[in-house]
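Nothing in this text is a laboratory measurement; each read-out follows from the coordinates by a stated rule. Small disclaimer: the values here were computed from a predicted structure and weren't measured. FYI the Cβ positions are ideal-geometry reconstructions off the backbone, even for glycines, and counts take in every protein chain you see.
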Amino acid sequence: MQAFVHIVLVLIFFFSNITVDKSILSKLSELNTIEKKDNELMRVISYNTWGLPIPVAKSDQSFRFRLIPYALNQTNADIICLQETFHPELRNRILSRFNNYNFLSDHECDKRKLLFIKTDCHGGLMTLSKYPVLDESFHEFPISNRGNFIEDIGAKGVLISKIEKGRDTVYILNTHLYAGESSKAESIRLSQLKYINNLIQKLGDVNIILAGDLNFENPEIYWNQDLKAQLCYKYMIDQMGFIDSDFQFSEASCTINPKINPYTKAQDRLKKLDYIMVLNSLGKVIQIEDAKALAMKEWIYSDHLAWLTDIRLTSKIKPKSISMTRYTTED
């Protein structure tokens, strides 16, 4: 069956009016389907695609943009949350491949920055759903919460999608927070989270899945005890009430990994920046079944690794929670 899937993928790619080279065909033949344990699970993937609106040295944009949609398809994801889909070529390829998925935003919308930079209209965010999407809205962060010129070009924010899974309604929040390791960067991210929290309060008692490149590190990264980037994580867990899907953190959880990712800067260090978190309503519980970074060599098409989570919506099982034994902050 796997061999048949490989043949179909190659044929689809060959007849899609795209120039095919041997490296592309080789990569397609390596892609394996990531099976789900059962069909009742909701599989969510968060992926920073590194689809910047301008060329970057050694970023292999054309190569990566061709393969990302096919790799995503092999994950069997029900909900796909993408960040940094600024580049129109990448968005067009994704839309073409996932024309059977649901969304309400106009992802063909382009706007120009500084006359020569063309970007999207939703802060680089795309959310695609196998389930019906009842409502969807993009909320751009206030300019005071963005911090610098580059962030202003990205016009980051949060994309909120209301989806219907059977008789249940779930809100998907896809976001990309401010980047940087300084205390100022952490303060800006915290203000962005407070902005998101205000939006959540208006939704009422609902089940929420928040996914994205949050640009802060998991406090369980014990080899970086000198970092102060714990305020945002603590705020999400203690104040907003979210549960991290990564409840057994290890080095394998890192989504920035120069040891295995050739697109990550060699001088960079291990980081956990990409998350999927859940917030339960009073009536239903989101049970986390599995969560992992996609670290297989055939799945590396960005400077970030994708984060995949299998969840189950139930009223009977309590969700697993992460250990906070090494989690401390200074007042």
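Can you give the extra length, in nm with one decimal, that the chain gains between N198 and F247 once fully stretched, where that is 0.36 nm per residue apart less the Cα-Cα distance? Provide the component values of the computation, followed by the final result.
Numbers: separation 49, 0.36 × 49 = 17.64 nm, distance 2.59 nm.
Stretched fully, the N198-F247 segment lengthens by 15.0 nm.
Output the peptides 96-108, 170-182, 265-277 sorted from most to least packed, where packing is the average of other Cβ atoms within 10 Å over each peptide's residues.
Working: 96-108: 14.5, 170-182: 22.0, 265-277: 18.2.
Per-residue mean Cβ counts within 10 Å order the peptides as 170-182, 265-277, 96-108.
Sort the stretch 42-314 into rounded, prolate or oblate with this rule: let a ≥ b ≥ c be the square roots of the eigenvalues of the Cα gyration tensor; rounded if a/c is under 1.5, and if a/c is not under 1.5, prolate when a/b is larger than b/c, oblate otherwise.
Verdict is rounded for the stretch 42-314.
Would you mind checking which residues have amide H under 5 Å from Y263's amide H? H placed 1.01 Å from N; only 5 or more apart, or other chain.
none
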